[in-house]
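Taking it in order: structure first as structure tokens, then the write-up.
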Amino acid sequence: MSRSIEVSRVQRHLVWIWSIGFFACFSVMLALTVCGTFEGNVQEAWSWFMPTILPTLTVAISAAISQTRAADRRRVSSFLGSFARLASSVYLLLVLLNLLVWPLTGKGPLTWFKTSALWLGALQGILGGVLAMFLAGQRDP
Amino acid sequence: MALLDMRELDATWAGPPRADECLALSRASAVFLLLVACSGSGAQPALSASGVLEPSVAQPCPSLPARTGSGPKYPNGLWLYGCESRAPSTPMPQFDWPPPPWTAHHTLAPAATAQETLGDVFLRVRSMLRHADLLDAGLFAIGDDGFAAVTRVESIGDDGRPRVDTGRFAFDPDGNIQRKFSLKNYLDILFNRSPGRFRLFAILVTPSVVAPNANSTITWAQVHRTRGAAQLPSSLASAKVAPGTSVTVLVYEFLKPTPDSAPAVLTESQLSAQQHLTTAGLLPESPAP
């Protein structure tokens, strides 16, 4: 029998990962906005940022809350749990890198964000699949 | 020279051209040039001081009479007709008139007398441009009695001085300044601390009143698309300075507010026209009081 881990524990980790990731990315976005990097295009910049993070963050938090309320002791494969945490971390790191790496590309931030949305969107889809698999893969001990 | 058409006569030669056809005979590059006068057409081929043939009027001559017989053989056997069909020569590009609204302007003291030609004034303008290291300015005609010298767009700092950290002309067509990598440069771009600031000068020599055309605007794309001539045509250079001709410098300052936006011309600047001119090197810096 493969090693397993409590779902609630993984979910707590995911909440932490997504909260920290969101806070870091949000801070950078806020700083760039205040400094006028998006001057005249603020709405467009935030329109890119919010859908990049918020949907998955919301799912992670709401799932964690519902799990806590239900006092669910179900368990999941530790590989799946680790994979969900790793995928979330990598994705958030990529979003943060996107916010910080555009000065090196020779393009403006919005131009770069639009380009990165192509592959970030794909990664977000894969990440959503992993998280769905994680939730669907819950099993009793 | 490149404006002239060549025609070989050989077998159709019927003696030398008539006197009214011959304006000048010159030898250049070991080739005899026969300039056929185009009396009545207004075409007047001219030889510059350096001996270079400069057709002054770009319009076709009337058709020449046919000749028969054999003519003298010259070393290369070619007769070159100087003005028979010198069109199509490229016309001098015209400066948009009235000019689009500028950021600042400065009228220089009248620098020309009635005895001077536009070519004389151009030499002084060129001297200013040389001093500012902006010799590659493009030239445009303003009507038939004036000209404009428009400098290349340069990248400047907030104080109006050409940027030395990145290079005066080191930016791409979108106005993105090419910077070497350093933490400071990276943070400057990231937090928009050093947005692109650019400038060009249009030095106008014209007797016309210089007033902005409120219905037009100068765009960044237009700046990069428009190219002026490299030299004044002899017709313009030899024209006498018209009464009331002044030398006015228009300053067009562009600001690229964010890395994503195209530079746009400013209607107001924190720098005066005088400051722009001195920091660019077009005028000497005034001594400190």
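When Lys and Arg each count +1 and Asp and Glu each count -1, what net charge do the other residues less than 15 Å away from B:Arg227, Cβ to Cβ, add up to?
0
Shape call for region A:2-85 from the C-alpha gyration tensor, a ≥ b ≥ c root eigenvalues: rounded (a/c under 1.5), prolate (a/b greater than b/c) or oblate?
prolate
As an exercise, use a Förster radius of 30 Å and the Cβ-Cβ distance of B:Ser127 and B:Asn215 to find the FRET efficiency, rounded to the nearest 0.05.
Computed FRET efficiency for B:Ser127 and B:Asn215: 0.30.
Quantify how strongly other chains surround peptide B:181-191 by giving the mean number of their Cβ atoms within 10 Å of each of its Cβ atoms.
For peptide B:181-191, the averaged partner shielding equals 3.
If every alpha-carbon in region B:93-251 counts as one equal scatterer, what log10 I(q)/I(0) does Debye give at q = 0.10 1/Å?
-0.41
Sequence gap at least 6, Cα distance under 8 Å: using those rules, report the relative contact order of region B:115-160 to the nearest whole percent.
Rounded, it is 25 percent for region B:115-160.
Considering the convex hull of the alpha carbon atoms of chain A, report its projected area averaged over all viewing directions, in nm², one decimal.
If you wrap the Cα atoms of chain A in a convex hull and average its projections, you get 8.8 nm².
Going by how many other Cβ atoms sit within 10 Å of their own, how do A:Trp102, A:Trp112 line up, fewest first?
By the 10 Å Cβ count, ascending: A:Trp112, A:Trp102.
Kindly state, to the nearest 0.05, the FRET efficiency for B:Asp165 paired with A:Ala132, given R0 = 51 Å and r defined as their beta-carbon distance.
0.50
Sorting B:Glu285, B:Glu253, A:Glu39 on the 10 Å Cβ count, fewest up front, what's the list?
Ordered by Cβ neighbours within 10 Å, fewest first: B:Glu285, A:Glu39, B:Glu253.
Taking K and R as +1 and D and E as -1, what net charge do the other residues with C-beta under 14 Å from the C-beta of B:Gly157 add up to?
Values: positive: B:Arg161, B:Arg163, B:Arg168, B:Arg179, B:Arg193, B:Arg197, B:Arg199, B:Lys256; negative: B:Glu154, B:Asp158, B:Asp159, B:Asp165, B:Asp188, B:Glu253.
Net charge around B:Gly157: +2.
Under a point spin-label approximation (7 Å from Cα along Cα-to-Cβ), what is the A:Phe23-B:Thr107 distance to one decimal in nm?
6.5
Specify which residue in the list B:Gly175, B:His131, B:Thr226 is farthest towards the positive end of the charge dipole of region B:120-226, using unit charges on the beta carbon of Lys, Arg (+1) and Asp, Glu (-1), about the Cα centre.
B:Gly175
Can you tally the net charge around B:Leu118? Count Lys and Arg as +1, Asp and Glu as -1, for every other residue whose Cβ sits under 13 Å from the Cβ of B:Leu118.
Working: positive: B:Arg124, B:Arg126, B:Lys240; negative: B:Glu116, B:Asp120, B:Asp144, B:Asp145.
Result for the local shell: -1.
With 10 angstrom as the radius, rank A:Trp119, A:Trp18 by how many other C-beta atoms surround their C-beta, starting from the fewest.
Listing A:Trp119, A:Trp18 from fewest to most nearby Cβ atoms yields A:Trp119, A:Trp18.
A short reminder: the numbers here are calculations on the coordinates, not readings from a lab. None of these values were measured; they are calculated from a predicted model. Counting neighbours? That spans all protein chains shown, and the Cβs are built from the backbone with ideal geometry, glycine included.
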